[in-house]
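In what follows, a structure is listed as structure tokens, so that the remarks can point back to it.
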Amino acid sequence: EYIDSYYFNQVEHIRFNSTVGKFVGYTEHGVKNAETWNKGSELAQELGELERYCKHNAAIYYGAVL
């Protein structure tokens, strides 16, 4: 699971969760930004990071856990 969180003043505003597959906002400002980011290129960038980093390294970490 890939999670990318954005905080300001120790409050989480936005989170990308690979299980959900989109940005989710937790504050009023975060919800507005999440809606915009889900429609723009930011979502494609996060999905690219999921493919580049998580799926590539999942087999390595899974083997180490077992």
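The values are calculated or read from the model by the stated rules, or taken from the named source; none is laboratory data. None of the values given here were measured: they were computed from a predicted structure. Please note: Cβ atoms are built from the backbone with ideal geometry, for glycine as well, and neighbour counts cover all protein chains shown. Protein only, heavy atoms only, side chains kept; ligands, DNA and RNA dropped before computing areas. Shrake-Rupley method; radii C 1.70, N 1.55, O 1.52, S 1.80 Å.
Listed values, structure above:
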read-out: Per-residue HN-Hα couplings for the range 8-23 [Karplus 6.51, -1.76, 1.60; θ = phi - 60°; Hz; x = Gly/Pro]; value: 9, 6, 6, 10, 6, 9, 9, 9, 9, 10, 5, 5, 6, x, 7, 7
read-out: The range 3-65: relative contact order as a whole-number percent, Cα under 8 Å and 6+ apart; value: 20
read-out: Candidate aspartates and glutamates - alpha carbon under 18 Å from LYS55, same-chain residues fewer than 8 apart omitted; value: GLU1, ASP4, GLU46
read-out: HN-Hα J in Hz across the range 35-51 - Karplus 6.51, -1.76, 1.60, θ = phi - 60°, x for Gly and Pro; value: 4, 5, 5, 5, 8, x, 6, 4, 5, 5, 5, 5, 5, x, 5, 4, 5
read-out: MRE, 222 nm, helices only [DSSP H, n ≥ 4, -39500 (n - 2.57), over the chain, to nearest 500]; value: -14500 deg cm²/dmol
read-out: Solvent exposure, largest accessible area first (probe 1.4 Å, DNA, RNA and ligands not counted), of GLU35, GLU49; value: GLU35, GLU49
read-out: Area accessible to solvent at HIS56, 1.4 Å probe radius, in Å²; value: 130
read-out: Within the accessible area of the range 3-65 (1.4 Å probe), percent carbon and sulfur; value: 56
read-out: Fraction in percent of alpha-carbon pairs per bin - 10 Å, the range 3-65; value: 22, 45, 25, 9, 0
read-out: Simple spin-label estimate for TYR61 and HIS29 in nanometres, 7 Å along Cα-Cβ; value: 2.9
